[in-house]
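Participant: Please see the structure below; I have some questions.
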2 protein chains.
Amino acid sequence: MDPAQEELFIVRQDSPLNAEPPTSALAEFPITPEQLVYHRNHSDVPAHDGTLVATTFTIDDLERRFPKARVEAVLQCAGLRRAEMGATGREVKGVPWGAGVVANCYWGGVRLRDVLLEVFPGLEREANGANRTDEHAHVCFTARGAKCEDDAYYGASIPLSKALDPEGDVLVAWEMNDDDIPPVHGGPLRLVVPGYLGARWVKWLDGIYLSNRESPNYYQARDYKVLPEEVEDKKQAAPWWDKVPSMTSMPLNSVIASVTKVEDDGIPAGHLRLRVKGYALPALGVPVDEVQISGLDVDAHRVWEDARITYQGGRWAWTLWEGEVVARARKGKIIVRSRALSRTGEAQPESGKWNLRGVAWNGWSVGEYEVDA
Amino acid sequence: MDPAQEELFIVRQDSPLNAEPPTSALAEFPITPEQLVYHRNHSDVPAHDGTLVATTFTIDDLERRFPKARVEAVLQCAGLRRAEMGATGREVKGVPWGAGVVANCYWGGVRLRDVLLEVFPGLEREANGANRTDEHAHVCFTARGAKCEDDAYYGASIPLSKALDPEGDVLVAWEMNDDDIPPVHGGPLRLVVPGYLGARWVKWLDGIYLSNRESPNYYQARDYKVLPEEVEDKKQAAPWWDKVPSMTSMPLNSVIASVTKVEDDGIPAGHLRLRVKGYALPALGVPVDEVQISGLDVDAHRVWEDARITYQGGRWAWTLWEGEVVARARKGKIIVRSRALSRTGEAQPESGKWNLRGVAWNGWSVGEYEVDA
């Protein structure tokens with residue numbers, strides 16, 4: 001209350017404010033002026049962003065109202081292999097991830113497409129392309145309970161086109177490998193966005209809304225972007241955040257997971273046979289077609305040999321592969337490399353593209369075998 | 001992580017937890033078992049109630065999508081006149097409100113009915129009575145930003161029938177007296193529920209959902225109920241909360257706001273003329289038809305005289321009235337009383353019904369004029 005009002009009011013409680021004006025003054029005005037409206041509060045005046053949420057689903061509601069969907073999809077952190085990028089000689093900002101921030105799981109829930117089409121009248125028309133406007137071009141997600149390091153809570157968004165794509169397989173999910181999603185992995189509800197970086201697979205999902213712009217959340221607007229190579233520090237990055245698109249799809253990739261020696265009496269003296277195993281990751285839903293590993297020809301030049309595909313779970317899943325190479329058994333590190341080729345002929349590049357945040361590294365994978373003697 | 005996992009994982013950060021499994025272990029499983037799924041977090045694991053909010057409106061959205069509505073309605077606290085109830089000799093629990101916790105304003109926004117019918121497919125059918133089920137019998141409201149004294153945030157609900165009633169005039173409002181609702185009065189968005197106690201006019205409204213039960217919020221489930229007269233303390237109240245219905249409509253009421261002396265040479269010596277002014281409140285949308293004030297006949301017996309209605313703003317609004325009575329001018333307090341009669345013949349009772357929480361008091365109003373000599 002302003003001081004003039006305070007004088008007029010009978011304050012019954014200071015905090016939260018509870019106060020009433022004198023009845024005699026009240027009855028002088030047919031329409032009560034703001035200055036005479038009573039204060040009845042159980043809380044202080046909260047911040048309010050001017051938005052209203054108009055519906056809520058429990059998991060039971062989702063289960064009852066929409067067809068069940070189950071998708072095998074690989075989840076991967078945008079920073080996968082960041083440590084390798086940092087080892088190229090230019091420092092990167094972020095957790096020094098190896099190649100372990102990846103998981104290929106079954107995800108169960110309902111299609112975001114189905115939910116959106118039920119909730120938003122008119123969206124069906126847009127979905128069918130008859131009257132697409134840019135007005136609602138993004139679907140934004142919140143995990144308001146997740147108090148984050150760099151923002152009040154976690155949020156992200158994806159293009160509406162991905163969300164509505166019948167082949168996009170975006171899920172509001174509550175199952176991981178046919179069990180409830182454990183809280184540490186985003187349960188009870190998380191978003192599953194096949195093909196996209198994990199940062200968009202919002203954990204502890206508690207809100208969905210449409211917007212004509214991307215989520216303003218820090219993790220959408222100020223992080224997870226491939227900054228230009230010349231940006232070398234935070235200060236230089238500042239003007240770029242608004243200009244660089246947010247990451248969506250993850251790139252074609254392959255990783256050597258293990259290199260082990262195989263006993264083989266049939267190979268020439270001074271050589272050894274190595275078994276190389278790993279995984280490969282599809283880009284844009286185009287499955288990995290082939291993985292190659294580097295061996296040596298008779299002149300010790302690198303040659304590419306086909307690995308065997310041992311597992312291929314579909315267009316959103318990873319590919320497991322293994323192969324064998326023969327190498328000279330000299331003391332020290334024996335290096336092997338892998339590269340993936342997609343069904344449409346794309347090849348994993350020799351080197352990833354350095355960027356300050358260390359995301360989307362997909363250079364050829366390097367595996368080592370240490371020869372002791 | 002459980003200890004077994006922790007041994008296996010490479011922990012990059014403890015809190016929030018960021019950890020990856022060894023790549024060699026990962027690639028051994030086509031489908032990644034939960035124990036090998038990486039942890040990438042910007043926050044700790046939050047609490048999550050298992051619900052998902054599926055749409056959000058800004059005020060602009062509401063304005064663009066629904067017809068504008070403007071309703072004159074009186075807002076009143078359930079505890080209006082609680083102090084008078086407490087003065088009857090039995091203590092009541094709550095802020096000792098006088099008759100100032102009332103405000104008759106114009107409210108502008110959109111009809112909740114329109115919003116609900118757009119958001120919830122199938123509700124139109126229920127609204128038309130063709131297939132009403134009890135499944136979604138309540139509309140619940142939240143002000144999640146409002147950290148309250150007795151609950152994590154403020155919430156309330158109203159029957160779906162009130163919300164959908166085309167004559168119910170329930171609004172999602174952002175205007176008070178044709179201006180933005182000030183934050184102290186619930187802006188930017190508050191609910192307006194004409195005829196109902198103010199506790200249901202949820203301020204700082206940020207969420208709406210349908211439920212087959214009332215809001216579980218403290219202020220709906222554990223407060224604002226007319227407990228039986230025999231309940232005299234908190235302990236006795238406990239078993240009653242679940243049995244007593246939550247308050248909805250406020251009762252027919254009238255209040256004397258001021259008693260002033262009018263100079264009048266034409267009245268007999270030893271008497272004085274008093275002007276009595278006040279307001280009256282409708283119940284259940286039935287306007288106040290008549291207000292009477294007590295005067296004295298020649299033998300000093302109480303008689304009821306009609307007051308003049310000076311303002312009547314419609315079925316949800318208050319009524320202003322004034323009248324004059326002649327009284328004997330003896331030293332001390334001169335007492336006048338008021339009572340309202342509704343258009344359907346209901347009369348304000350002589351005494352309100354005492355209850356522990358001191359709500360819905362509507363006994364005849366008592367006004368005083370102090371004669372000095």
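The values are calculated or read from the model by the stated rules, or taken from the named source; none is laboratory data. What you are looking at is a predicted structure, and each value in this text was computed from that prediction instead of being measured. Because the Cβ atoms are built from the backbone with ideal geometry, glycine has one as well, and the counts that use them run over all protein chains shown. SASA here: full protein model, heavy atoms, side chains in, ligands and nucleic acids out. Shrake-Rupley method; radii C 1.70, N 1.55, O 1.52, S 1.80 Å.
Participant: Just checking, how many residues over the range A:195-213 are in a loop (DSSP other than H, G, I, E, B) and surrounded by fewer than 19 Cβ atoms within 10 Å (Cβ to Cβ)?
Facilitator: Count: 2.
Participant: For a quick check of your reading of the model, give me the residue pairs whose first member lies in the range A:20-46 and is closer than 15 Å to B:LEU320 by Cβ and among the aliphatic types (A, V, I, L, M), whose second is open to solvent by 30 Å² or more (accessible area, probe 1.4 Å) and outside any loop (DSSP other than H, G, I, E, B), with beta-carbon atoms closer than 6 Å and at least 6 apart or on different chains.
Facilitator: Hits for this filter: A:ALA27/B:LYS277.
Participant: Let me ask another. Could you grab the pairs with beta carbons closer than 6 Å, sequence gap of 6+ or different chains, first residue in the range B:198-214 and facing chain A (nearest Cβ under 7 Å), second one among the hydroxyl-bearing types (Ser, Thr, Tyr) and open to solvent by 10 Å² or more (accessible area, probe 1.4 Å)?
Facilitator: That search, which allows pairs on different chains as well, returns B:TYR209/A:THR56.
Participant: To continue, here is another question. Determine whether B:ARG315 is part of a strand (DSSP E or B), away from every other protein chain (no Cβ under 11 Å) and surrounded by 14 or more Cβ atoms within 10 Å (Cβ to Cβ).
Facilitator: Criteria not met by B:ARG315.
Participant: Within the range A:354-372, which residues are of a type in the set (Gly, Ala, Ser) and either closer than 13 Å to A:THR88 by Cβ or not assigned by the TED database to the domain that holds A:LEU320 (or both)?
Facilitator: A:GLY358, A:GLY363
Participant: Going by the conditions given, is A:ARG222 in contact (Cβ under 8 Å) with a residue 12 or more places away in the chain and more than 10 Å from every other protein chain (Cβ to nearest Cβ)?
Facilitator: Considered against the rule, which asks whether it is in contact (Cβ under 8 Å) with a residue 12 or more places away in the chain and more than 10 Å from every other protein chain (Cβ to nearest Cβ), A:ARG222 comes out as yes.
Participant: May I ask you to verify whether B:ALA163 is outside any strand (DSSP E or B), farther than 22 Å from B:ARG315 by Cβ and not assigned by the TED database to the domain that holds B:PRO287?
Facilitator: no
Participant: While we're on this one: Could you tell me whether A:TYR153 is farther than 25 Å from A:GLY358 by Cβ, of a type in the set (Ser, Thr, Tyr), open to solvent by 10 Å² or more (accessible area, probe 1.4 Å) and at pLDDT below 95?
Facilitator: No, not satisfied.
Participant: Here's a follow-up. Of everything in the range B:220-237, what is closer than 15 Å to B:ASP150 by Cα and among the aliphatic types (A, V, I, L, M)? Give them in sequence order.
Facilitator: If the condition is that a residue be closer than 15 Å to B:ASP150 by Cα and among the aliphatic types (A, V, I, L, M), then B:ALA221 is the only one that fits.
Participant: Among the candidates B:SER351, B:SER342, B:SER338, single out the residue that is within 30 Å of B:GLU91 (Cβ to Cβ) and buried (at least 17 other Cβ atoms within 10 Å of the Cβ).
Facilitator: B:SER338
Participant: I'd like to check something: does the range A:232-249 contain any residue that is part of a strand (DSSP E or B), in contact (Cβ under 8 Å) with a residue 24 or more places away in the chain and either open to solvent by 70 Å² or more (accessible area, probe 1.4 Å) or within 14 Å of chain B (Cβ to nearest Cβ) (or both)?
Facilitator: Checking the range A:232-249: not a single residue is part of a strand (DSSP E or B), in contact (Cβ under 8 Å) with a residue 24 or more places away in the chain and either open to solvent by 70 Å² or more (accessible area, probe 1.4 Å) or within 14 Å of chain B (Cβ to nearest Cβ) (or both).
Participant: Among the residues of the range A:89-102, how many are within 12 Å of chain B (Cβ to nearest Cβ) and assigned to a loop (DSSP other than H, G, I, E, B)?
Facilitator: 8
Participant: Would you be able to say whether some residue in the range A:73-82 is in the same structural domain as A:LEU210 (by the TED database), surrounded by fewer than 21 Cβ atoms within 10 Å (Cβ to Cβ) and not basic (Lys, Arg)?
Facilitator: no
Participant: Looking for something in contact with a Ser or Thr (Cβ under 7 Å, 6 or more places away or on another chain) and either in contact (Cβ under 8 Å) with a residue 60 or more places away in the chain or within 8 Å of chain A (Cβ to nearest Cβ) (or both) - is there at least one such residue anywhere in the range B:65-88?
Facilitator: no
Participant: Hey, another quick one. Is it the case that some residue within the range B:34-55 is closer than 30 Å to A:VAL37 by Cβ, facing another protein chain (nearest Cβ under 7 Å) and of a type outside the set (A, V, I, L, M, F, W, C)?
Facilitator: Looking for residues that are closer than 30 Å to A:VAL37 by Cβ, facing another protein chain (nearest Cβ under 7 Å) and of a type outside the set (A, V, I, L, M, F, W, C), one finds none in the range B:34-55, hence no.
Participant: Also, I was wondering about something else. Give B:ARG144, B:ARG213, B:ARG200 a once-over and let me know the one that is under 13 Å from the mean Cα position of the chain (by Cα), in the same structural domain as B:LEU80 (by the TED database) and not hydroxyl-bearing (Ser, Thr, Tyr).
Facilitator: Sole residue among the options that is under 13 Å from the mean Cα position of the chain (by Cα), in the same structural domain as B:LEU80 (by the TED database) and not hydroxyl-bearing (Ser, Thr, Tyr): B:ARG200.
Participant: Continuing with this model, one more query. Report yes if A:VAL291 is assigned by the TED database to the domain that holds A:GLU346 and either over 27 Å from the mean Cα position of the chain (by Cα) or touching a residue at least 60 places away in the same chain (Cβ under 8 Å) (or both), otherwise no.
Facilitator: In short, no.
Participant: Additional query: When only residues in the range A:103-124 that are open to solvent by 10 Å² or more (accessible area, probe 1.4 Å) and more than 7 Å from chain B (Cβ to nearest Cβ) count, which is modelled with the lowest pLDDT?
Facilitator: For the range A:103-124, the residue satisfying everything is A:GLY122.
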